[in-house]
Amino acid sequence: MAMVLSLFSPRNILVLSLALNVSLILRVMLSDREGHTHSGFSLRERAVAGDGLQSEVHVRHRERLSTSFAASASIEAEDDKERVISVDHGDPTMYENYWQKMGDKAILVIPGWQSLSYFSDKGNLCWFLEPELAQQIIRLHNLVGNAVTEDRHIVVGTGSTQLYNAVLYALSPQDAVEPINVVTAAPYYSSYPLITDCVKSGIYKWAGDAHKFNKEGPYIELVTTPNNPDGHIRQSVVNKTGGILVHDLAYYWPQYTPISSPANHDLMLFTVSKCSGHAGMRIGWALVKDKEVAKKMVKYIEFSTLGVSKDSQLRAAKILNVISDSCEGAAVESFFESSFQLMAQRWKQLRMAAWQSGLFSLPAFPPEFCTFSRRDFEPLPAFAWLKCEGDIEDCEGFLRGKKILTRGGIHFGFDPKYVRVSLLDRDSTFNNFVARLSSIR
């Protein structure tokens with residue numbers, strides 16, 4: 001018994017505790033080293049059978065997203081010269097400074113008893129659309145002059161992604177022998193193929209680049225203007241009978257491009273994330289001319305999520321109200337003017353960095369008159385379509401070697417000599433990116 005007690009003396013317990021702590025520290029260090037070694041920044045090569053190159057691109061796209069998000073999460077903890085700089089995602093955190101300055105003007109208090117019902121407006125075609133949000137959407141479009149709202153039905157969705165799915169459901173024939181083809185001109189938004197084919201729908205399917213589409217029969221053509229990724233103003237390409245056009249106007253706001261006239265199309269998609277920067281709200285809206293199409297879109301959203309968050313809608317309405325007030329001369333800094341100046345400064349920095357490096361080029365845009373700001377200016381896209389010059393064939397891989405994460409042209413159905421670069425991140429990330437880009441020789 002005495003021997004057992006001696007084993008648990010204070011001295012022995014202290015030694016045992018130290019040994020266990022040292023073992024734990026060594027184990028954590030080894031785990032971190034292994035995690036760093038295996039995470040890497042290169043794309044894992046995979047043998048893909050059946051769908052060929054397109055499926056491989058989709059798989060690589062998902063893996064790249066995972067790697068890039070992980071890098072973004074840890075980016076602030078690393079040394080500036082060694083850290084990975086991610087300009088892959090269009091996460092609009094550059095708008096944080098403006099909204100911090102707005103302070104109480106953008107605060108919304110929602111009582112605990114509010115938003116209990118599924119219904120927002122039973123008399124409206126889109127019964128889950130909050131009336132206040134509808135009013136602020138119409139008000140802002142009329143102030144900016146970027147879209148016709150008269151004789152249009154507003155359909156709200158959980159971001160423009162849900163609206164895109166609702167559009168495909170609403171426009172696709174339900175009794176067709178073959179699924180309807182969905183096309184858009186390359187370079188196109190990299191998530192279009194993934195979203196379109198995600199659920200393997202039997203009523204629609206991705207059919208690729210509109211420039212190469214030559215099939216007969218009905219089709220849906222997506223027209224993104226200004227275009228993501230290259231920032232150019234787009235028109236439809238296919239121009240065949242039986243085609244249905246969907247206009248994605250997420251970036252048709254005066255901080256990105258001159259507003260030439262109100263967009264007047266049958267079906268137009270917008271999102272709060274690129275208008276105000278509030279991507280986390282997950283609110284988008286569609287302006288739909290055809291009542292039956294709008295009804296089908298509402299039915300899809302009803303089936304998939306039984307409406308859209310009222311709290312998010314009310315907050316979106318508050319934000320849009322602040323923006324409109326700032327446009328009407330309220331005692332606050334104009335949101336669009338502030339955002340325009342920031343985008344102009346960033347494009348100036350980026351062009352200078354590309355020139356200093358000598359290895360990269362950027363698209364040129366002719367200046368146009370903006371009916372909203374009453375001035376001429378060159379478009380200032382949210383993304384830069386950066387090209388690696390010379391014998392660099394894989395621009396994404398080349399920049400990854402410099403610890404800069406971008407999204408390569410292959411993901412947009414285009415040449416791998418191009419990459420898409422986001423200009424929407426925080427100042428620290430953007431400034432570090434242009435500094436590093438300018439030093440690449």
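Label-to-label distance for W355 and E82 is 3.5 nm, based on points extended 7 Å past Cα in the beta-carbon direction.
Could you pull out which residues in segment 124-146 have an amide N less than 14 Å from a spot 7 Å beyond the Cα of T371, following the Cα-Cβ vector? So the set is 141-146. Which of rounded, prolate, oblate describes segment 319-401, given a ≥ b ≥ c as roots of the alpha-carbon gyration tensor eigenvalues and a/c under 1.5 marking rounded, otherwise prolate only if a/b is larger than b/c? Cα axes put segment 319-401 in the prolate bin.
Given segment 303-441 reduced to its alpha-carbon atoms as identical point scatterers, what log10 I(q)/I(0) does the Debye formula return at q = 0.16, 0.17, 0.19 Å⁻¹? Relative scattering, expressed as log10 I(q)/I(0), comes to -0.94, -0.99, -1.08. Any chance you could check the Cα centroid distance between segment 98-165 and segment 280-336 for me, in angstrom? With segment 98-165 and segment 280-336 each reduced to a Cα centre, they are spaced 3 Å.
DSSP finds beta bridges in segment 117-327, and of those with both partners inside it, around 35 percent are antiparallel. Between E328 and T241, the distance separating the two model label sites (each 7 Å from Cα on the Cα→Cβ line) works out to 4.9 nm.
Between D394 and I203, the distance separating the two model label sites (each 7 Å from Cα on the Cα→Cβ line) works out to 4.1 nm.
Net length available on complete extension from A435 to A344 is 31.0 nm, with 0.36 nm assigned per residue and the Cα-Cα distance removed.
3J(HN,Hα) couplings calculated from phi for segment 150-155 with the Karplus curve 6.51 cos²θ - 1.76 cosθ + 1.60 (θ = phi - 60°) are, in sequence order, 5, 6, 10, 9, 8, 10 Hz; Gly and Pro show x. How would you classify segment 117-327 from its alpha-carbon gyration tensor, with a ≥ b ≥ c the square roots of the eigenvalues: rounded for a/c under 1.5, else prolate if a/b is greater than b/c, otherwise oblate? Taking the square roots of the gyration eigenvalues as a ≥ b ≥ c, segment 117-327 is oblate. Couplings 3J(HN,Hα) for segment 409-417, derived from phi with the Karplus relation 6.51 cos²θ - 1.76 cosθ + 1.60 (θ = phi - 60°), are x, 4, 6, 10, x, 9, 5, x, 6 Hz, where x marks Gly and Pro.
What is the list of residues in segment 112-149 whose amide nitrogen lies under 20 Å from a point 7 angstrom out from the Cα of D311, following Cα to Cβ? From segment 112-149, the list is 112-121, 128-134.
Under 5 Å from the amide H of H232 lie the amide H atoms of N227, each residue being 5 or more positions distant or on a separate chain, with H modelled from the backbone and absent for Pro and chain starts. A DSSP coil position with no more than 12 other Cβ atoms inside 10 Å describes the following GluC sites (Glu not before Pro) in segment 359-412: E393. Annotation: amide H-H contacts under 5 Å for T271 (H modelled 1.01 Å from N, sequence separation of 5 or more, or interchain): W285.
Any read-out appearing in this document is the output of simple, stated calculations on the displayed coordinates, not a laboratory observation. Everything quoted here is computed from the prediction, not taken from an experiment. Methodologically, a virtual Cβ is constructed for each residue, glycine included, from the backbone with ideal geometry; neighbour enumeration extends over all protein chains shown.
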